[in-house]
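Scroll down for the structure; my scribbles are underneath it.
Just so it is clear, none of the values below were taken in a lab; they were calculated from the coordinates. Every value quoted in this text rests on a predicted model; they were computed, and no experiment measured them. Note that each Cβ is placed from the backbone with ideal geometry, even for glycine, and that neighbours are counted across all protein chains shown.
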Amino acid sequence: MKKLFIILLFVSLYCFGKSPSPKLIVFISIDQMRADYFERYNQYFTGGFNRLFSKGIVYTNADLNYAASETGPGHATLGTGCYPWKSGILANEWVEHKTLKEMYCVSDSTAKSVDSVGGGNSPRNLVVTAVGDWLKQQTPTSKVITASFKDRAAILMGGKNPDYVFWYSKSVGGMVTSDYYSKSLPQWVKTFNASNWPEKNVPAEWSKTLADSDYSKIGPDEYAAEAKRKETTAFPYSFTIGKKAEELGGSPYGDKIIVDFAMDAVKNEKLGQRNVTDLLCISLSNCDYVGHAQGPDSHEMLDLLVNVDRYLGDFFSFLDKNIGKDNYVVALSADHAVCPLPEFNTEFRNVSAKRYIYAADIKPKTDTLNSKLKLELNSSEDILIKNAFINYSAGTKAGLDSIQLEQKVKMGLLSIDAFVDIYFRRELVTREKSDKLFIEKYRNSYYAPRGKDYLYRIRENSIISSRPYGTTHGSPYSYDTHVPLIFWWNNATPKKITREVHSADAAPTLAKFAGFSFPKNLDGVPLKEVVK
Ligand SMILES: [Zn+2]
């Protein structure tokens, strides 16, 4: 009778969806990953990307829903479920209003090195909690560990109170942290760092993985608008013995080291192997480096993705074996996407696109505007300060109220070809109805205590660059803000969901999936296709 009762209880719990919490949540960010890579290159994926895309819940219309499409804001939003206006991380770096000094989003002069490496960084500038904090609040014995090639990615996904956060150091050829997190490196991290991973694992050259014909369909390998890597823009790329620790960035091996390290973390910290839910966040950065240098349509990008697909495939097989297929859940998204090389867009897509060189096309013009305004206002002080602030008091002295001065600034800036709209602080700190295009995306990006007096919107499909090659992101356009968002667990019913969702939804969705509570005032919401 007792047996029957237990069986009935089990069946009823199972049928009503009360399956036990996952023992491990794996939260993956692929830095700068465009959502279209999955469809475009699906035929080449046989590993981790393939498992997620063919067997997971795939949101094909996930957007950041804010304008600051950069790494710092992107990872803060993934981790916290809040847009930059709430997380405080409104850019990778900003100018402090009082001191006019630059602030890097994870910089912290009080965070010291650990075992004489790392230091200098912490989540001090993050003003909200993250998914790992919510988990540990409910079950303090849960472990939260994050790892990335980039400090800001690891730190901002990790939240305020994780167990460990690690990022890559070229000089160490391994992983470091700061004393914000711990006073010493765990022994397994010291062992990893002593293993000389780069020299042992980075081969003599990075060469193409697939057949030549798979790459030539995309476009040329040798292309003038690509940044050179070791004096060339074409495969293969050699590595120098003894210098691999500094050369692996911008190649697949910069991601492989993070995935290998993550497996060591699972093994040594017994993640997913105890009676509580643990969280492992991984951010793979080299899609961003390759995207900046060679662009999203390059042979290098396809090859990198094919490699990352394999690394993640190996990683999931490792988890199947060591934790059990039924005991973990994976979410994958990105901090932002990227604009194609303007030259590639013009030549191969017939898209009107432009590269503005900052020193030639922008700076002389904003300098001239500043001089003109100084003259007009009869002011000895600058009117435009650090491309961030407006000298309103100089306006007052000249008899102009703030709106009148802003009007002059706006007219001047909009006469510069690269800019198509200007958003002032007063328009960004309110939620009043406005018919300005993209205003809600800018408002979602605007954390007032750190905000500039004005933001510009760049012409669509164009970039402002310091160099005549490479590309970037940071605009509110969908090529920068449309990101992948996928959830996978064993026996999920595969689905492609086309409604618009946001990267901020990832954190509350994971919390609800694993059964722990999360703050009420998030921007993201749990996604109903993943959690009932
Ligand atoms: Zn980037």
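Distance between the C-alpha centers of segment 390-435 and segment 460-526? Whole Å please. That distance is 31 Å.
Dividing the Cα radius of gyration of segment 391-532 by its Kirkwood radius returns 1.09 for Rg/Rh. As a proxy for reagent exposure, ranking ILE403, ILE30 by other Cβ atoms within 10 Å from fewest up yields ILE403, ILE30. Segment 131-206 and segment 271-327 have their alpha-carbon centroids 15 Å apart. With each label modelled as a point 7 angstrom along the Cα→C-beta vector, the THR191-THR368 pair spans 6.4 nm.
So what is the orientation-averaged projected area of the chain, using the convex hull of its C-alpha atoms, in nm²?
26.7
With contacts taken as Cα pairs under 8 Å and at least 6 residues apart, the chain reaches a relative contact order of 29 percent. Look at the Cα gyration tensor of segment 141-232: its axes a ≥ b ≥ c give a/c of at least 1.5 with a/b over b/c, and that counts as prolate. The label-point distance for ASN491 and THR240, in a model that sets each label 7 Å from Cα toward Cβ, rounds to 5.5 nm.
In segment 30-128, the ratio of gyration radius to Kirkwood radius, Rg to Rh, stands at 1.10 when only Cα atoms are counted.
Legend: Rg and Dmax of segment 84-169, from Cα coordinates, 13.5, 42 Å. Other residues lying with their Cβ under 10 Å from the Cβ of ARG274 contribute a combined charge of +1, Lys and Arg counting +1, Asp and Glu -1.
The angle between the Cα long axis of helix 363-376 and the main principal axis of the chain comes to about 40°, on a 0 to 90 degree scale. May I ask for the angle, rounded to the nearest 10°, between helix 2-15 and the longest principal axis of the chain, with both axes built from Cα atoms and the value confined to 0 to 90°? Taking the Cα atoms of the chain, the angle to 2-15 is about 30 degrees. Can you pull out the GluC sites (Glu not before Pro) in segment 405-436 whose DSSP state is coil and whose Cβ has at most 11 other Cβ atoms within 10 Å? Qualifying residues, ordered by number: GLU432. When the GluC sites (Glu not before Pro) in segment 203-260 are filtered for DSSP coil states and for at most 15 other beta-carbon atoms within 10 Å of their beta-carbon, the remaining sites are GLU222, GLU231. Shape class for segment 273-388, computed from the alpha carbon gyration tensor (a ≥ b ≥ c): oblate, with a/c not under 1.5 and a/b at or below b/c. Label-to-label distance, GLN407 versus ASN268, with points set 7 angstrom from Cα along the beta-carbon direction: 6.4 nm. Volume per residue for segment 355-458 equals 110 cubic angstrom (convex hull of Cα atoms).
Placing unit charges on each Cβ (+1 for Lys and Arg, -1 for Asp and Glu) gives the chain a dipole about its Cα centre, and among LEU312, THR129, ALA35 the Cα reaching farthest toward its positive end belongs to THR129.
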